[in-house]
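Undergrad: My questions all concern the structure below.
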Amino acid sequence: MAYVPLEKLIDKAQFSMFKLVHLVSRRALELAEGAPKLVDVASDTKVTTVAMQEVAQGCVGMNPT
């Protein structure tokens, strides 16, 4: 199991845990429905872990509103 530190994630969601959970869960649902992965990971990696890695690497982010 891959570990993604909270410090790499929380700043991507404007320092809000609620926004981070919403962002990761929304992206994980997209991945589960067949969206292509934006990071290079093993095929057996869970969609939530892939979503967290995408957020940490800046591939997925919050909409500026």
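The values are calculated or read from the model by the stated rules, or taken from the named source; none is laboratory data. Predicted, not measured: the structure shown is a model, and the values here were computed from it. In case anyone asks, the SASA skips ligands and DNA or RNA and just uses the protein heavy atoms, side chains included. Shrake-Rupley method; radii C 1.70, N 1.55, O 1.52, S 1.80 Å.
Undergrad: So what's the angle, to the nearest 10 degrees on a 0 to 90 scale, between helix 47-56 and the longest Cα principal axis of the chain?
TA: Helix 47-56 sits roughly 50 degrees off the main axis of the chain.
Undergrad: What lysines could a cross-link reach from Lys19, if we take a straight Cα to Cα line under 20 Å and drop same-chain neighbours fewer than 8 places away?
TA: Lys8
Undergrad: Right, something else. Once you treat every alpha carbon in the chain as an equal point and sum by Debye, what is log10 I(q)/I(0) at q = 0.12, 0.18, 0.26 Å⁻¹?
TA: Scattering profile of the chain, log10 relative to I(0): -0.26, -0.58, -1.19.
Undergrad: Right, another one. So, with a 1.4 angstrom probe, what is the percent of accessible area on the chain that is carbon and sulfur?
TA: Percent of accessible area from carbon and sulfur atoms in the chain: 58.
Undergrad: Hey, what's the chain come to in accessible area per residue, 1.4 Å probe, Å²?
TA: With all protein chains present, the chain gives 70 Å² per residue.
Undergrad: Hey, what angle do you get for helix 17-32 against the long axis of the chain, alpha-carbon based, 0 to 90 degrees rounded to 10?
TA: The angle comes out at about 20 degrees.
Undergrad: In terms of Cα to Cα distance under 17 Å, which aspartates and glutamates are near enough to Lys46, apart from those fewer than 8 places away along the same chain?
TA: Output for Lys46: Glu30, Glu33, Glu54.
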